[in-house]
Amino acid sequence: MFEPHQGPRVFGVPLGQDFSTSLHDGLRQYFNTMSPTNVARVEIYVNTRRMQRRLIELFQKGNALLLPRIRLVTDLANDSIEHALPPAISPLRRRLEMAQLVKGLLESDPTLASQDSAIDLAESLVALMNEMQGEGVPPETIANLDVSDQSGHWERALEFIKLVQPFFEDGQLDGEGRQRSVVESLIARWVENPPSHPVIVAGSTGSRGATSLFMQAVAKLPQGAVILPGFDYDMPSNVWDMMEQKTGAEDHPQYRFKAFCEALDLHPIDTKAWGVSAGTNSARTRLVSLSLRPAPVTHQWINDGPDLGNLALATEGITMIEAATPRTEADAIAVRLRQAIEDNQTAALISPDRVLTRQVTAALDRWGITPDDSAGLPLQLTAPGRFLRHIADLFCEQLDAEQLLVLLRHPLSHSDRPDRGDHAFRSNALELQLRRYGPPFPTSQSLTDWAKEKPDERQGWVNWISSVLIDLQDDTQRPLDDHVARHFNVAERLAGGPDTDEAGGLWKKAAGREALRVMSELRSHADAGGEMSAREYRRLVNSILAAAEVRDRDAGHPQVLIWGTLEARVQSAELVILAGLNEGTWPEAPTPDPWLNRPMRKQAGLLLPERRIGLSAHDYQQAVCAREVVLSRSVRSDEAETVPSRWVNRLTNLLGGLGDQGGPECLDAMRERGRHWLSLAANIAAPKMQLDPAPRPSPCPPTDARPQQLSVTQIKTLIRDPYTIYARKILGLNVLDSLSHTPDAPLRGTIVHKILERFVKEKIDPSSPDAQTSLLSLATEVLVEQCPWPAVRALWYARIASFAPHFLEEEAKRRAFSTNIDTEMYGELALTNLSFKLTGTADRIDLSDDGEALIYDYKTGKAPSPAQQKHFDKQLLLEAAMVERGAFKAVGRVRTQAAVYIGLGSDLRDQPAPLKDEPTEETWSRFEGLIAKWMDPAKGYTSRSANETLAFEGNYDHLARYGEWDETTDATPQDLS
């Protein structure tokens, strides 16, 4: 295939060319002079699966021929060429084994780290071990590092790193280690017996040690060749010579090629171009090359800038989007991609920011476009992934109502069954029950009690739920085998439904099959995991699911592609969009290394953070030289101002300084093209119709539709927010209770009321020495019964204990001149001249020694002031009037001596009702007048008529469309007769 050649054979594909297409075209030229059998013997190693598919696709489009053998470089790790090498150990098994060692170390010295961090520490240690094996760094090198001048943290880190040493000695290699061993075996074999058929490595930059060794060996073969992607042929020889690691040039996009060529005793300038050079924008490549010159020679911008030539030609295909926010950036990118489809262009979005690419995907859904995303969707975000994560949560926490309904409503629960409609109907009924009546933490007994209402329809379904989901929480240490078995059992039984051994749709479709593969791998290696808690197991499962990805190759639009930077390195598109070009995103901020700092890594011969930046820079340089490019960034993130990517800064600064050649004008034109797409996105997102804001509602229903009965506590609502009464009593719209029951203030008030009600009913003497003990004993019983949160029980018990002495002291005074009649007393009273009834439930009514009523209301919150009671909160005043009119049968028709709010909150003062200023006769007369007004069909139920505070939030504000109007807007009566 290749002519005889002295020295290594290295080619480069220039910047601006589609690497896959250039590789294919060059190979075709060679294959035209070769026999079909010789073509079939050619071995081509590429760096990604996508490039492998792309190359095969290009060959299939051309004239018929026998395909060469196209393999991945990473496949060398599984090569059987060296039979003495055992297969690479599973990364998961290695991680589980490492976690056991880490846990043992933490048990011997708990000061090193938290026990809960063993799984995460093991994962990072395994990654370090992989890197050591790939770079050929033995553990002795790490153990002998000089850390005398480093902080004490690094000495502690070495204690963990020493844990990897046994794995180097047991003969079982990780993937990286086995790949290096295979490469070394191949090199040794090729020294004695080099292959006679062509061997080509294409698309790799040689950034990894084992890969670089393999590429060097291939380049030296008689019929070997290395083809480098995105080679900068515009960089002068003297600049190549000045790029050295010691000068900090490793973050330059071309540094890896310089290091690779030096390893072969080859000068980069002597690297030949591969195939026939396609039409590229040479003006663009020169501009980008100059903008990325290594830092020590950026002064050459002044010298070499005038030689760039036509800047308009170099920048005419570049658009620069500078959006206000990431959301705006995503919308503008989506619009540009939509236009590409209209123009029949193939467009590729390239970004390391997965959040941004998902936002773009969501924006494209407006037009029903699903991009072909090379990264796919993380398994943890798919339906099976979420399902498995929810179940893992049950092992760690007590099942609450919200978790139960999340699982029952999950599309995989009771799936692939003809009776799933019945399952959904029963889930709805159970949800309403749990919202209204609870309990916060369902039990088998509470579910059974609910099922007894309709035993023929519900009992079997409830038995299935109870057997699968109830009482799964377990804090004990269990073997990993047991955890995985429980996880499989619960997941399959819940997915399959009652009375079946099937797993429903859990393991079906692409996401289900990937979930089964991941969980089966965990089950097969569970024997290496030892014992762990449920929380450790949940952390392990979550990390495993997050690392797996699901991709449907047939679902994406063929013209809209989302690539990671690795895929973009070796292929291009008609339109290339580089998004998220901000510091910290592209290039990404270096990941904190808990084990080795930069000097230690350099001393050991491991990868430096600058190498990753250099690779990102090369990805940028390769992509920005495409025919049509969009450079996109957001000026602000969700938190603060952003800093443009260093590469964008270099490009804009270079153009801004070339005033004599029209650089600033070219830069303005780039930005203007970006503003065009931002404007289109804003227009698309803007409402298509300008609607007038809703008026402030004040519906006026006819008299016979108005409520004929209200409670004393609802009168305050009638005065302050009449619209709420309209919505509840006339429209019949009740607020749906929260599914997530929380220990809130209303529940605390209910519990305190219950405790004091029992204290009074059981006639416990408040002056007795044992009174406080009895009261707190009642508190304990009621709290256990009605407050299932242990921490909250303790807190509320402390609050009750704090007001108990004051309550007992005041209660003794009350008992001295009165006797309790009853608690929670219901009363009702009809108006004489109107068809209306007032109802109420008094917390407590006592009778004084002279036969007068004493009304008490327990208040754990702030009691209303006398002024508030006069004008708004008329509960006690109305109850006093009801007592004097015989509304409470057990009390009779007696005079009200006093009505008092008993303070049991932060303020223990009692707040009496202003009966002297508001006599009961006058209160009742005003109340009758109030109700008479509300029976007038011209009277409207105005929303937020007299809310107490500006922060007031009504339950029906959304129905009233509050926000389109405010309190300064006049109400608009609406005749509903």
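The values are calculated or read from the model by the stated rules, or taken from the named source; none is laboratory data. Just so you know, these numbers come straight off a predicted model, no measurement behind them. For neighbour counting, all protein chains shown are included, and Cβ atoms are generated from backbone atoms with ideal geometry for every residue, glycine included.
Determine which member of the set Ala951, Ala938, Ala913, Ala898 is in contact with a strand residue (DSSP E or B) (Cβ under 7 Å, 6 or more places away or on another chain), loosely packed, with under 13 Cβ neighbours inside 10 Å and among the aliphatic types (A, V, I, L, M). Spell out how you get there, then give the answer.
Working: Ala951 fails: in contact with a strand residue (DSSP E or B) (Cβ under 7 Å, 6 or more places away or on another chain); Ala913 fails: loosely packed, with under 13 Cβ neighbours inside 10 Å; Ala898 fails: loosely packed, with under 13 Cβ neighbours inside 10 Å.
That would be Ala938, the only listed residue that is in contact with a strand residue (DSSP E or B) (Cβ under 7 Å, 6 or more places away or on another chain), loosely packed, with under 13 Cβ neighbours inside 10 Å and among the aliphatic types (A, V, I, L, M).
Name the single residue that is farthest from Gly504 (Cα to Cα) among those in segment 423-454 being surrounded by 14 or more Cβ atoms within 10 Å (Cβ to Cβ) and among the charged types (D, E, K, R).
Arg435
For Pro743, work out the one condition from (1) modelled with pLDDT of 95 or more; (2) part of a loop (DSSP other than H, G, I, E, B); (3) not aliphatic (A, V, I, L, M) it doesn't fulfil.
Every listed condition holds for Pro743 apart from (1).
Can you list residue pairs whose Cβ atoms sit under 6 Å apart, with the first residue in segment 28-49 being of a type in the set (Lys, Arg) and the second being assigned to a loop (DSSP other than H, G, I, E, B)? Count only pairs 6 or more apart in sequence or on different chains.
Arg41/His197
Just checking, which of Arg180, Arg256 is among the basic types (Lys, Arg), farther than 30 Å from Ile119 by Cα and under 43 Å from the mean Cα position of the chain (by Cα)? Walk me through how you get there before you give the answer.
Numbers: Arg180 fails: farther than 30 Å from Ile119 by Cα.
Testing whether each residue is among the basic types (Lys, Arg), farther than 30 Å from Ile119 by Cα and under 43 Å from the mean Cα position of the chain (by Cα) leaves just Arg256.
Quick one: in segment 66-111, of everything that is without any contact (Cβ under 8 Å) to a residue 60 or more places away in the chain, among the hydroxyl-bearing types (Ser, Thr, Tyr) and part of a loop (DSSP other than H, G, I, E, B), which residue is surrounded by the most Cβ atoms within 10 Å (Cβ to Cβ)?
Going through the qualifying residues, I end up with Ser80.
Confirm whether Ala887 is surrounded by 13 or more Cβ atoms within 10 Å (Cβ to Cβ), over 48 Å from the mean Cα position of the chain (by Cα), free of Cβ contacts under 8 Å to residues at least 60 places away in the same chain and under 28 Å from Leu829 (Cβ atoms). Explain how you work it out, then say what you get.
Details: surrounded by 13 or more Cβ atoms within 10 Å (Cβ to Cβ): yes; over 48 Å from the mean Cα position of the chain (by Cα): yes; free of Cβ contacts under 8 Å to residues at least 60 places away in the same chain: no; under 28 Å from Leu829 (Cβ atoms): yes.
For Ala887, the condition - surrounded by 13 or more Cβ atoms within 10 Å (Cβ to Cβ), over 48 Å from the mean Cα position of the chain (by Cα), free of Cβ contacts under 8 Å to residues at least 60 places away in the same chain and under 28 Å from Leu829 (Cβ atoms) - is not met.
Residues that are touching a Pro at 6+ places or on another chain (Cβ under 7 Å) and crowded, with 16+ Cβ neighbours inside 10 Å, at least 1 per element: which helices (runs of 4 or more DSSP H) completely within segment 659-728 meet that?
Details: elements: 663-685, 712-720, 722-725.
The qualifying helices (runs of 4 or more DSSP H) are 722-725.
For segment 576-609: of the residues being part of a helix (DSSP H, G or I) and charged (D, E, K, R), which is nearest to Ala143 (Cα to Cα)?
Within segment 576-609, the match that is nearest to Ala143 (Cα to Cα) is Arg601.
Can you pull out the residues in segment 747-792 that are in a helix (DSSP H, G or I) and under 28 Å from Leu407 (Cα atoms)?
At the first step, the residues of segment 747-792 found to be in a helix (DSSP H, G or I) are 747-761, 771-786, 790-792.
Once the filter is applied, which keeps residues that are in a helix (DSSP H, G or I) and under 28 Å from Leu407 (Cα atoms), segment 747-792 yields Leu747, Val784, Glu785, Gln786, Pro790, Ala791, Val792.
Scanning for something touching a residue at least 60 places away in the same chain (Cβ under 8 Å), part of a helix (DSSP H, G or I), under 26 Å from Arg696 (Cβ atoms) and outside the structural domain of Thr819 (by TED's automatic domain parsing), does segment 940-953 turn up at least one residue?
Among the residues of segment 940-953, not one is touching a residue at least 60 places away in the same chain (Cβ under 8 Å), part of a helix (DSSP H, G or I), under 26 Å from Arg696 (Cβ atoms) and outside the structural domain of Thr819 (by TED's automatic domain parsing), which makes the answer no.
Note down all Cβ pairs under 6 Å where the first residue falls in segment 457-469 and is more than 14 Å from Thr500 (Cβ to Cβ) and in the same structural domain as Asp499 (by TED's automatic domain parsing), the second is basic (Lys, Arg) and assigned to a helix (DSSP H, G or I), and they're at least six residues apart or on different chains.
Correct list of pairs: empty, since none qualify.
If you go through segment 478-492 one residue at a time, do you hit one that is surrounded by 15 or more Cβ atoms within 10 Å (Cβ to Cβ), in contact with a His (Cβ under 6 Å, 6 or more places away or on another chain) and farther than 15 Å from Gln398 by Cβ?
Checking segment 478-492: not a single residue is surrounded by 15 or more Cβ atoms within 10 Å (Cβ to Cβ), in contact with a His (Cβ under 6 Å, 6 or more places away or on another chain) and farther than 15 Å from Gln398 by Cβ.
Out of the residues in segment 237-271 that are more than 23 Å from Ala623 (Cβ to Cβ) and outside any helix (DSSP H, G or I), which is modelled with the lowest pLDDT?
Gly248
Determine which single condition Ala401 fails, assuming it passes every other condition in (1) within 23 Å of Ile470 (Cβ to Cβ); (2) under 20 Å from the mean Cα position of the chain (by Cα); (3) among the hydrophobic types (A, V, I, L, M, F, W, C).
Condition (2) is where Ala401 drops out.
If we keep just the residues of segment 610-640 that are touching a residue at least 24 places away in the same chain (Cβ under 8 Å) and in a loop (DSSP other than H, G, I, E, B), which is surrounded by the fewest Cβ atoms within 10 Å (Cβ to Cβ)?
Let us first name the residues in segment 610-640 that are touching a residue at least 24 places away in the same chain (Cβ under 8 Å), namely 610-638.
Going one step further and asking which of them are in a loop (DSSP other than H, G, I, E, B), we end up with 625-627, 635, 637-638.
On the way: Cys625: 26, Ala626: 27, Arg627: 16, Val635: 15, Ser637: 13, Asp638: 9.
Looking at the filtered set, the residue picked out is Asp638.
If a residue has to be in contact with a Leu (Cβ under 8 Å, 6 or more places away or on another chain), within 13 Å of Met882 (Cα to Cα) and either in contact (Cβ under 8 Å) with a residue 60 or more places away in the chain or of a type in the set (Ser, Thr, Tyr) (or both) to count, how many in segment 829-853 make the cut?
The total comes to 5.
Tell me, please, whether a residue that is hydroxyl-bearing (Ser, Thr, Tyr), part of a loop (DSSP other than H, G, I, E, B) and closer than 29 Å to Leu125 by Cβ can be found in segment 47-59. Step through it out loud before you land on a result.
Applying the first criterion (hydroxyl-bearing (Ser, Thr, Tyr)) to segment 47-59 yields 48.
Subsequent filtering for residues that are part of a loop (DSSP other than H, G, I, E, B) retains 48.
Next, only the ones that are closer than 29 Å to Leu125 by Cβ stay: 48.
Checking segment 47-59: at least one residue is hydroxyl-bearing (Ser, Thr, Tyr), part of a loop (DSSP other than H, G, I, E, B) and closer than 29 Å to Leu125 by Cβ.
Keeping to segment 160-208, report how many residues are surrounded by fewer than 20 Cβ atoms within 10 Å (Cβ to Cβ) and charged (D, E, K, R).
Final tally of qualifying residues: 6.
Just to check your reading of the model, which residue among Gly224, Gly177, Gly203 is on the phi > 0 side of the Ramachandran plot and either in contact with a His (Cβ under 8 Å, 6 or more places away or on another chain) or touching a residue at least 60 places away in the same chain (Cβ under 8 Å) (or both)?
Gly203
Yes or no: Arg748 outside the structural domain of Leu399 (by TED's automatic domain parsing), of a type in the set (Lys, Arg) and over 24 Å from Thr949 (Cβ atoms)? Let's see the steps before the verdict.
Working: outside the structural domain of Leu399 (by TED's automatic domain parsing): yes; of a type in the set (Lys, Arg): yes; over 24 Å from Thr949 (Cβ atoms): no.
No; evaluated as a whole, the condition is false for this residue.
Report, by residue number, each residue of segment 423-468 that is in contact with a Pro (Cβ under 9 Å, 6 or more places away or on another chain), outside any helix (DSSP H, G or I) and closer than 24 Å to Asn489 by Cβ.
Matches in segment 423-468: Phe441 only.
Looking at (1) exposed (fewer than 15 other Cβ atoms within 10 Å of the Cβ); (2) free of Cβ contacts under 8 Å to residues at least 60 places away in the same chain, which one does Leu213 not meet, given that it meets all the others?
The one condition Leu213 does not meet is (1).
What are the pairs, 6+ residues apart or on separate chains, where a residue within segment 679-694 that is farther than 14 Å from Arg327 by Cβ and in the same structural domain as Thr328 (by TED's automatic domain parsing) has its Cβ under 6 Å from a residue that is surrounded by 10 or more Cβ atoms within 10 Å (Cβ to Cβ) and at pLDDT 90 or above?
Qualifying pairs under 6 Å: Leu680/Val335.
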